[in-house]
Amino acid sequence: MRKIVILLAFAFCQTTQAQQCAFEKSNGLESATYFEAIDWYKNLDRKYTEVFVQEMGMTDAGYPLHLVLISADGKFDAVQWHKQNKVVILINNGIHPGEPDGIDASMLLARDIATKKISLPKNVALAFIPVYNIGGCLNRGRTSRANQNGPLEYGFRGNAQNLDLNRDFTKCDSKDAKAFAQLFHLLDPDILIDNHVSDGADYQHTMTLLTTQYDKLGSKLGQFLKENFEPQLYAGMVEKKWDMIPYVNFETASPAKGMEMFYDPPRYSSGYAALFQTIGFVPETHMLKAFKDRVLSTFAFMQTVIEKSAIKANELIAAREEEKKMAKNNIRFPLMWTVDTSKNKLITFKGYEQAFKPSDATGLQRMYYDRTKPFTQQVKFLNVFNPSNFIVAPKAYIIPQGWSSVVDLLKLNNVAMQQFNADTTIEVEGYKIEDYKSYPRPYEKHHKNTSVKTYSSTQKIKFLKGDYIIYLNQRANRYLLEMLEPTGDDSFFCLEFF
Ligand SMILES: [Zn+2]
């Protein structure tokens, strides 16, 4: 009898004492290692019915990818989540492990939800990838991001193959990206958050936000994001005292000229998500801000997305459903967008004045940002894009089975395909590549092709039994066009799969 009393007391102690992570123990100086992060979630899984941890495929590092599911009702079937009209939010961390803010912020958020310090609305379900780039996270050091203001140690950008995983979402050279595609389609998230840290110009803001280029989502969902949902996130961050601005992109301009919205082709997380009517957000904290503040602002951003998703759930789900239907029936898609320099909106940019001083290394004058001279300025934000390279979707694409590398990628992305039952001769429109240029140096394992020019002709071609025919009447239509049309930014031709 006495034994039972002791055991109960121990259990009580375990559930009331919240876990503390490296970030908290070091007062914001340290980031969790890969093993600490996985143990953290497994502990939450053991203690709380709202948390479930599972393995989802293998990575190049020889470790499985983990997925953490959190739902207020303790049920973890994504198909059911959608049927119950929950907004499903997938949060990806550590794709660039030198930018670990999301790893620690997600651990804190998951813990605070599990312990009910923060309530998770009933109409929102969460999925976390604790660490995506495991190989990079294990390759820990102190110098690969020398100017970054903490943590003391962090992982490396490249994965176990030294690939940049945020360029690998469609070409899938890594096992990591293949595992991601599987879990992405399993969850079919309404929103993807991919946590990063930025560098470049210094300014007062800790948090900047890169949002999916609206048009890529289609007219309904894109408009909902631009006019309705995204403004709510900016307002929510102001309430939490983390004044946020769009991802600062002055590379071709200056505050006086304005900044362009980032254009995200499918190789990036947000560009990939948009192909499947998923809203992508890439929060980019600034590396010159203290790690503690960066983690707290990343936490605040994720919390804001959850809160606003709960409020806007019905509109978001309806817009997305409509967009999915439209994607199936659309017959004309643009494959290229360029910024319209004649259109902009004004945003409030809080910067630091530029100044010059001699470099300690060379003695030559070098530019720096003078933090004693902050300024607030209205800046033009160029967030309207003009479409071009319109493609009229064919009735179907035919892919000879010999191109198995392409077929495998399409299968991975839930593309519906049929195979010919017998050798079949069909009159088809076929492309010939008239001209193209290739990068002289490899880019992420490929000598990428650009400036592709094609001409098409009608011809009779004999296809073999087992070759694939892919009808353009599916949700993946945009994905199919972006990948199979040779002039697509990240098409399989541009990446030399054909
Ligand atoms: Zn990054």
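The values are calculated or read from the model by the stated rules, or taken from the named source; none is laboratory data. Just so you know, these numbers come straight off a predicted model, no measurement behind them. So basically every Cβ, Gly included, is an ideal-geometry build from the backbone, and we count neighbours across all protein chains shown.
General observations
- Residue 269 vs. criteria within 15 Å of the ligand (Cβ to nearest atom), among the small types (Gly, Ala, Ser), more than 21 Å from residue 351 (Cβ to Cβ) and in contact (Cβ under 8 Å) with a residue 60 or more places away in the chain: yes
- Only one of 128, 184, 169 that is in contact (Cβ under 8 Å) with a residue 40 or more places away in the chain, closer than 20 Å to residue 48 by Cβ and either within 16 Å of the ligand (Cβ to nearest atom) or in the same structural domain as residue 276 (by TED's automatic domain parsing) (or both): 128
- Condition met for residue 162 (assigned to a loop (DSSP other than H, G, I, E, B) and within 16 Å of the ligand (Cβ to nearest atom)): yes
- Yes/no for residue 443 being within 24 Å of residue 265 (Cβ to Cβ), among the aromatic types (Phe, Trp, Tyr), surrounded by fewer than 20 Cβ atoms within 10 Å (Cβ to Cβ) and at pLDDT 95 or above: no
- Every residue from the range 77-132 that is among the acidic types (Asp, Glu) and part of a helix (DSSP H, G or I): 101, 104, 112
- Hits in the range 15-70 (condition: among the acidic types (Asp, Glu), over 22 Å from residue 158 (Cβ atoms) and over 22 Å from the mean Cα position of the chain (by Cα)): 24, 30, 39, 45, 50
- Some residue of the range 251-269 being within 29 Å of residue 493 (Cα to Cα) and assigned to a helix (DSSP H, G or I): yes
- Of all the residues in the range 60-102, those that are in contact with a Pro (Cβ under 7 Å, 6 or more places away or on another chain) and either within 16 Å of the ligand (Cβ to nearest atom) or not assigned by TED's automatic domain parsing to the domain that holds residue 183 (or both) number 3.
- If the condition is being under 18 Å from residue 257 (Cβ atoms) and either loosely packed, with under 14 Cβ neighbours inside 10 Å or without any contact (Cβ under 8 Å) to a residue 24 or more places away in the chain (or both), then the range 316-344 contributes 338, 340, 342, 343.
- In the range 279-293, residue farthest from the ligand (Cβ to nearest atom) [restricted to those that are buried (at least 23 other Cβ atoms within 10 Å of the Cβ) and not acidic (Asp, Glu)]: 279
- Taking residues in the range 142-158 that are assigned by TED's automatic domain parsing to the domain that holds residue 36 and without any contact (Cβ under 8 Å) to a residue 40 or more places away in the chain, and partners anywhere that are surrounded by 15 or more Cβ atoms within 10 Å (Cβ to Cβ) and polar (S, T, N, Q), the pairs with Cβ atoms closer than 9 Å and at least 6 places apart or on different chains are 158/133; 158/139.
- In the range 135-145, the residues that are assigned to a loop (DSSP other than H, G, I, E, B) and within 16 Å of the ligand (Cβ to nearest atom): 139, 144, 145
- Just one residue in the set 378, 354, 365 is in contact (Cβ under 8 Å) with a residue 24 or more places away in the chain and over 25 Å from the mean Cα position of the chain (by Cα); that residue is 378.
- Among residues of the range 187-201 being within 16 Å of the ligand (Cβ to nearest atom) and not small (Gly, Ala, Ser), the one that is surrounded by the most Cβ atoms within 10 Å (Cβ to Cβ) is 195.
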